[in-house]
Amino acid sequence: MTAPLNSLDIAKPRQATRVVAAMSGGVDSSVVAALLKREGYEVIGVTLQLYDHGAAVHRAGSCCAGQDIHDARRVAEAIGIPHYVLDYESRFRDAVIERFAESYLAGETPIPCVDCNRTVKFRDLLDLARELGADALATGHYVVSRDLGDGHRGLFRAADASRDQSYFLYATTQAQLDLLRFPLGHLDKARTRQLAAELGLAIADKPDSQDICFVPNGRYADVIERLKPGASRPGEIVHLDGRVLGRHDGVLRYTVGQRKGLGISTAEPLYVLRLDAEAARVVVGPREALGVRRIRLRDLNWLGETALDALPPEGLEVAVRVRSTREPREARLSVDAQGACITLATDEEGVSPGQACVIYADSGPGARVLGGGVIMRPQLAASPRDATPALACS
């Protein structure tokens, strides 16, 4: 006789269900581990050491990796679970930091958290969980995982839209998703901190981290120049109409949609429209030139029930998110010989190559994540005045 499903949708008694809890040392992951332990699961805490406190990449500012490991260990001791710290520094550098630097130098605006979740956290850590005989890997992300009734699980936006992290998890594969659990997806941050206090966790009031973990104080250019010394080239700042307005010290210091800090003086407000890394050129222009209606994607990860090659000829009505801070917008997904193309219902500003375009079933709260991909670089014309609309699908 099959055992009833427990709170993790696993057909086992809780005490016979082994769960690996990814513990970063923060409030969210600590609450996940403590809640699962309180509910009677066999919990094993794992913390990944992803970078060295004294590495050259961090000398520009402070780094709290050591403190985070210490905090995770204290929580594990307090709740009475085994805890292991694994050195994944070399994997993290190869899969995340190096890709981050190369993407910026290519004129893109990458999201290293997506690469980290896709590779080190959900690929390598899930492999470890399987080796330990775990039934699930639990994390502190604010996103919902739900049984679809067909033996697989779906990914949905968190109940608290202000904390929703589905944008950063779109690249999770179906195999990974089936083993992942996100116990905080139905909570808001205030309730999570309240639970931390109720559970007696010393880190209940610990501030949330604001920067990318290996980029102290948000100074991306400093980190990249340490990783790739001499790789950035100076060049021209060019108006969309072809006028040369000034010079820059490297395209990595700019991003699409940027207005301030351009280093030029003009009567009209200008925005970065495109970055041509090959020509070391920053193309600027008026705000109305920022509008994008069609976006080509690469590295598409698809979680939808309908296969991509079975989509209707007119495409699929969806909603998409091109920035983590923006709400999903109505759009249409189509697939051709060149790959996936997104057509937005209205123009979107500041669409930057290298960023993620995440696809949802609709724009409502709790919407299902259908997948997503990386926004491709536009095919730039030889002259800014002859350039076709950035990122347009052919």
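Summary of values
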quantity: Failed condition for R326, given (1) part of a strand (DSSP E or B); (2) out of contact with any Ser or Thr (no Cβ under 7 Å at 6 or more places or on another chain); calculated: (1)
quantity: When residues of segment 255-277 are limited to those that are in contact (Cβ under 8 Å) with a residue 60 or more places away in the chain and among the charged types (D, E, K, R), the one nearest to P234 (Cα to Cα); calculated: D276
quantity: Set L35, L48, L8: member being under 27 Å from the mean Cα position of the chain (by Cα) and part of a loop (DSSP other than H, G, I, E, B); calculated: L8
quantity: Selected residue [touching a residue at least 12 places away in the same chain (Cβ under 8 Å) and within 27 Å of R332 (Cβ to Cβ)] from R293, R233; calculated: R293
quantity: Search result, residues across segment 11-24 that are within 11 Å of L36 (Cα to Cα) and over 26 Å from the mean Cα position of the chain (by Cα); calculated: R14, Q15, T17, R18
quantity: R157 being touching a helix residue (DSSP H, G or I) at 6+ places or on another chain (Cβ under 7 Å) and not aliphatic (A, V, I, L, M); calculated: yes
quantity: Enumerated strands (runs of 3 or more DSSP E) restricted to segment 227-323, each holding at least 3 residues that are acidic (D, E) and at positive phi; calculated: none
quantity: R91 vs. criteria assigned to a strand (DSSP E or B), within 22 Å of the chain's Cα centre (by Cα) and not assigned by TED's automatic domain parsing to the domain that holds V272; calculated: no
quantity: Among the residues listed as L169, L155, the single one being in contact with a Lys or Arg (Cβ under 8 Å, 6 or more places away or on another chain) and either surrounded by 15 or more Cβ atoms within 10 Å (Cβ to Cβ) or modelled with pLDDT of 95 or more (or both); calculated: L155
quantity: Odd one out for G107, checked against (1) part of a helix (DSSP H, G or I); (2) buried (at least 21 other Cβ atoms within 10 Å of the Cβ); calculated: (1)
quantity: Sole residue being assigned to a loop (DSSP other than H, G, I, E, B) and modelled with pLDDT under 95, chosen from A202, A221; calculated: A202
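For every residue, the table says whether it meets (1) assigned by TED's automatic domain parsing to the domain that holds K37; (2) β-branched (V, I, T); (3) more than 30 Å from R146 (Cβ to Cβ).
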site: D188; (1), (2), (3): yes, no, no
site: L199; (1), (2), (3): yes, no, no
site: V223; (1), (2), (3): no, yes, yes
site: K228; (1), (2), (3): no, no, yes
site: R243; (1), (2), (3): no, no, yes
site: L252; (1), (2), (3): no, no, yes
site: E268; (1), (2), (3): no, no, yes
site: L275; (1), (2), (3): no, no, yes
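The values are calculated or read from the model by the stated rules, or taken from the named source; none is laboratory data. Computed from a predicted model, the values in this text were never measured in an experiment. Don't worry about glycine lacking a Cβ; one is built from the backbone with ideal geometry, like all the others, and counts go over all protein chains shown.
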